[in-house]
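The values are calculated or read from the model by the stated rules, or taken from the named source; none is laboratory data. In this text, all values refer to a predicted model and were calculated from it rather than measured experimentally. Here the Cβ is made from the backbone with ideal geometry for all residues, glycine too, and neighbour counts use every protein chain on show.
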Amino acid sequence: MQIDDQPPAHLQIDQDLTHEERQWKAERISRVIMLLIATAGLLGLLGRGPLSYTSVRSADGTIEVRYHRFERALASSDLVVSVKPPTDQTPLAIWIDQEYLGTVKLERITPEPNWSEVHADRVVLYFDAGPEGAVISLRQQALGPGLPQAQLGIEAGSSVSFRQIVYP
């Protein structure tokens, strides 16, 4: 018995095997794309997840910033700034550049700074720091999508810069 690509004439079934094979191929490609998007989401490439968290440290190791590499616009997140001794500043003065502050809204700073100063290019926050250093949490909200670059540092000391990806 010979298998034929065409149906027997008495069944009168219209089929286009080329079209069906293209459709099956498109379905397989779509499934792979959906799987890749789901995996990227679970890993944190589209928001929160293990690949989203990162940190940057100054060359001398006195300041480290932990942050989310991938953000969503209008979603809150934390920048955690760790300052290690030795710091001869009393009080400790941390600065953040104005350009970055134009892309985020600061919701809360923990602990609260003793006072702050606004300059043309940066905002300086003054904190009490103990001999072990200080850990400062800045709760922020990205105002819109983009690729904001942040610069942050210790007044008259080390600084770090980093970039975030903010999705709509």
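Can T39 be described as of a type in the set (S, T, Y), at pLDDT below 90 and within 30 Å of A142 (Cα to Cα)?
yes
Could you check how many residues of the stretch 151-168 are part of a strand (DSSP E or B) and within 16 Å of S52 (Cβ to Cβ)?
Qualifying residue count, the stretch 151-168: 5.
Give the residue that is modelled with the lowest pLDDT, with candidates limited to residues of the stretch 70-89 that are of a type in the set (S, T, N, Q) and more than 14 Å from P148 (Cβ to Cβ).
Here the residue is T87.
Out of V104, V123, I need the residue that is of a type outside the set (F, W, Y) and in contact (Cβ under 8 Å) with a residue 40 or more places away in the chain. Which one?
V104
Please specify each residue of the stretch 131-144 satisfying the condition of being over 20 Å from the mean Cα position of the chain (by Cα) and farther than 13 Å from A93 by Cα.
Selection gives P131, E132.
Take the residues in the stretch 125-168 that are loosely packed, with under 15 Cβ neighbours inside 10 Å and among the acidic types (D, E); name whichever of them is nearest to Y100 (Cα to Cα).
The extreme case among them is D128.
Please go through the stretch 106-123 and give me each residue that is assigned to a loop (DSSP other than H, G, I, E, B) and either among the hydrophobic types (A, V, I, L, M, F, W, C) or closer than 17 Å to K84 by Cα (or both), ordered by number.
P111, A120
Q23 - would you say it is surrounded by 10 or more Cβ atoms within 10 Å (Cβ to Cβ) and modelled with pLDDT of 85 or more?
For Q23, the condition - surrounded by 10 or more Cβ atoms within 10 Å (Cβ to Cβ) and modelled with pLDDT of 85 or more - is met.
Applying the selection to the stretch 124-140, what residues are out of contact with any Leu (no Cβ under 6 Å at 6 or more places or on another chain) and either part of a loop (DSSP other than H, G, I, E, B) or not hydroxyl-bearing (S, T, Y) (or both)?
V124, L125, D128, G130, P131, E132, G133, V135, I136, R139
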